[in-house]
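What follows is a single structure, written as structure tokens, with notes after it.
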Amino acid sequence: GGIITQTPKFLIGQEGQKLTLKCQQNFNHDTMYWYRQDSGKGLRLIYYSITENDLQKGDLSEGYDASREKKSSFSLTVTSAQKNEMAVFLCASSIGDQNTLYFGAGTRLSVL
Amino acid sequence: GEQVEQLPSSLIVQEGASVLINCSYTDSASVYFPWYKQEPGKRLQFIIDIRSNMERKQTQRLTLLFDKKTKHLSLHITATQPGDSAIYFCSARDQGGRALIFGTGTTVSVSP
């Protein structure tokens, strides 16, 4: 079996700071995703990528950049952290774009 | 774009009783509806899915009903156990879509 590893597990930033979250998978999956989880709002799609060097925007892409330089990794950058922002960022992967998603454990972001 | 709503947002049930979670979606082009479960401190995991050419799917204690006309799904969990305590997410994807749109989640608490 494979695994998705997200780093760091916890991230504390300052307002206005650029912050980068990383995700690695060893499933050899084609498609990778970044979702944001907020209490009471479910999961909202930020970016996804169907193959190396591909990027597709989700509904919540404003304020974020993403990068898929290798098939196994997908990083997300918060371009300017918002004060008092608190959320969990979840990375996922799937074979192609039609199959079950496998999720990472998440990165919990707090902005002071 | 697609929007997915879930009700109730939370519920408490006595161990052994049944649970019903409702989900509605807006895009009539959606064809695939997987459900995911997030136990406390654990990763989201796939639990059951249904396609738009089906009306019902059952696996062990889970029954998923789908009504294409009303754009409504319902997940029925029977004989609940403490391990069923989790947040349950409904999701949807259209034929040409490449990423899942998730609902707001339903928190289920099973009391002994």
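We did not get these values from a lab; they are worked out from the coordinates using the rules stated. All values reported here derive from a predicted model rather than from experimental measurement. Virtual Cβ from ideal backbone geometry, glycine too; neighbours counted across all protein chains shown.
The 3J(HN,Hα) values that the Karplus relation (6.51, -1.76, 1.60; θ = phi - 60°) gives for segment A:26-33 are, in residue order, 10, 7, 6, 6, 7, 9, 10, 9 Hz. Gly and Pro appear as x. Annotation for segment A:32-86: trypsin sites (Lys or Arg not before Pro) lying in DSSP loop with at most 15 further Cβ atoms inside 10 Å of their Cβ are A:Lys41, A:Lys83. In order along segment A:50-67, the phi-based Karplus estimate (6.51 cos²θ - 1.76 cosθ + 1.60, θ = phi - 60°) of 3J(HN,Hα) comes to 8, 6, 3, 6, 9, 9, 10, 7, x, 5, 10, 6, 5, x, 10, 10, 9, 8 Hz; Gly and Pro are listed as x.
Considering only beta bridges that DSSP places wholly inside the protein assembly as shown, some 90 percent are antiparallel.
Computed from point charges on the beta carbon alone (+1 for Lys and Arg, -1 for Asp and Glu), the dipole magnitude for segment B:42-112 about its Cα centre is near 180 Debye. Counting every other Cβ atom within 10 Å of each residue's Cβ, B:His76, A:His29 order from fewest to most as B:His76, A:His29.
Each DSSP beta bridge with both residues in chain B is either parallel or antiparallel, and the antiparallel ones are about 90%.
Look at the dipole of chain A built from charges on Cβ: of A:Leu76, A:Ser110, A:Thr20, the Cα furthest out on the positive end belongs to A:Ser110. Residues whose amide H comes within less than 5 Å of that of B:Ser85, counting only those at least five positions distant or on another chain, are B:Val110 (H built at 1.01 Å from N in the peptide plane). The mean sequence distance of close C-alpha pairs (under 8 Å, at least 6 residues apart), as a share of the length of chain A, puts its relative contact order at 36 percent. Annotation: the residues B:Phe33, A:Phe10, sorted from fewest to most other C-beta atoms within 10 Å of their own C-beta, follow the order A:Phe10, B:Phe33.
A simple rule links phi to the HN-Hα coupling: the Karplus curve 6.51 cos²θ - 1.76 cosθ + 1.60 with θ = phi - 60°, which for segment A:8-24 gives x, 6, 10, 9, 10, x, 9, 3, x, 6, 8, 10, 10, 10, 10, 9, 10 Hz, with x for Gly and Pro.
Placing a label point 7 Å from the Cα of A:Lys83 along the Cα-to-Cβ line, the residues of segment A:10-48 whose backbone N sits under 16 Å from it are A:13-17. Shown here: chain B, whose C-alpha atoms stretch 43, 27, 20 Å along the first, second and third principal axes, sorted largest to smallest.
Counting neighbouring beta carbons within 10 Å and listing from fewest to most, the residues A:Glu15, B:Glu2 come out as A:Glu15, B:Glu2.
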